[in-house]
Amino acid sequence: MEFRAEMRYLRVSPQKARLVLELIKGRKVEEARNTLLFTKKRVAASIGKLLQSALDNANFLSAEKNLDVDIDNLYVKNAFANDGPRMKRIRPAPQGRAFRYVRRIAHITLVLAERSSGGAHPSGETRTATRSAAPAKRRAPVAKKAAGAGKKKKPAAK
């Protein structure tokens, strides 16, 4: 079961939000909370509120639908920041001109999922056996022509 929370129209650049989101992807909820608490970025406080909202969504849905969700096994499955609408602004420039600049807005989405207690990788496969047993066939290398082969040389002028 997945639980998600969205924060829209946040006045921060999506690039700056992605820097913080990369820190918490794949971590347990408690570990992600601690990471956000000690991150020295302004957007970390907003992402912390979003993480708490996703956790509250998990609590509410588990009580509402009578699901057996272990809060201690929740981890951040996915976290991403997309572009929102851009605000175009004008800054005064020398000699009566004007320069345009853009203020960026982000839409942030956070997805929590429950990790199975068997210790397996979240995608369901084991990490050691990722390749198939049969090796892939390789093509034979193509022989390259020698440089200058097939060209006639001109006689040297005397």
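Things worth noting here:
- Checked against (1) at pLDDT below 95; (2) of a type outside the set (A, V, I, L, M); (3) under 25 Å from residue 10 (Cα atoms), residue 49 meets all criteria but (1).
- Which numbered condition residue 81 fails, given (1) out of contact with any His (no Cβ under 9 Å at 6 or more places or on another chain); (2) within 16 Å of residue 111 (Cβ to Cβ): (1)
- Of all the criteria given as (1) within 20 Å of the chain's Cα centre (by Cα); (2) at positive phi, the one not satisfied by residue 53 is (2).
- Within region 83-117, tally of residues that are exposed (fewer than 11 other Cβ atoms within 10 Å of the Cβ), out of contact with any strand residue (DSSP E or B) (no Cβ under 6 Å at 6 or more places or on another chain) and hydroxyl-bearing (Ser, Thr, Tyr): 1
- Checklist (1) surrounded by 10 or more Cβ atoms within 10 Å (Cβ to Cβ); (2) without any contact (Cβ under 8 Å) to a residue 60 or more places away in the chain; (3) not charged (D, E, K, R) applied to residue 38, failing item: (1)
- Summed over region 25-40, the residues that are more than 13 Å from residue 55 (Cβ to Cβ) and among the small types (Gly, Ala, Ser) give a count of 1.
- Restricting attention to region 85-112 and to residues that are in contact with a Gly (Cβ under 9 Å, 6 or more places away or on another chain) and not aliphatic (A, V, I, L, M), the residue that is farthest from residue 72 (Cα to Cα) turns out to be 104.
- Check on residue 18, in contact (Cβ under 8 Å) with a residue 40 or more places away in the chain, closer than 25 Å to residue 114 by Cα and charged (D, E, K, R): yes
- Yes/no for residue 78 being surrounded by 11 or more Cβ atoms within 10 Å (Cβ to Cβ), out of contact with any Ser or Thr (no Cβ under 6 Å at 6 or more places or on another chain), in contact (Cβ under 8 Å) with a residue 12 or more places away in the chain and part of a strand (DSSP E or B): yes
The values are calculated or read from the model by the stated rules, or taken from the named source; none is laboratory data. Everything quoted here is computed from the prediction, not taken from an experiment. Don't worry about glycine lacking a Cβ; one is built from the backbone with ideal geometry, like all the others, and counts go over all protein chains shown.
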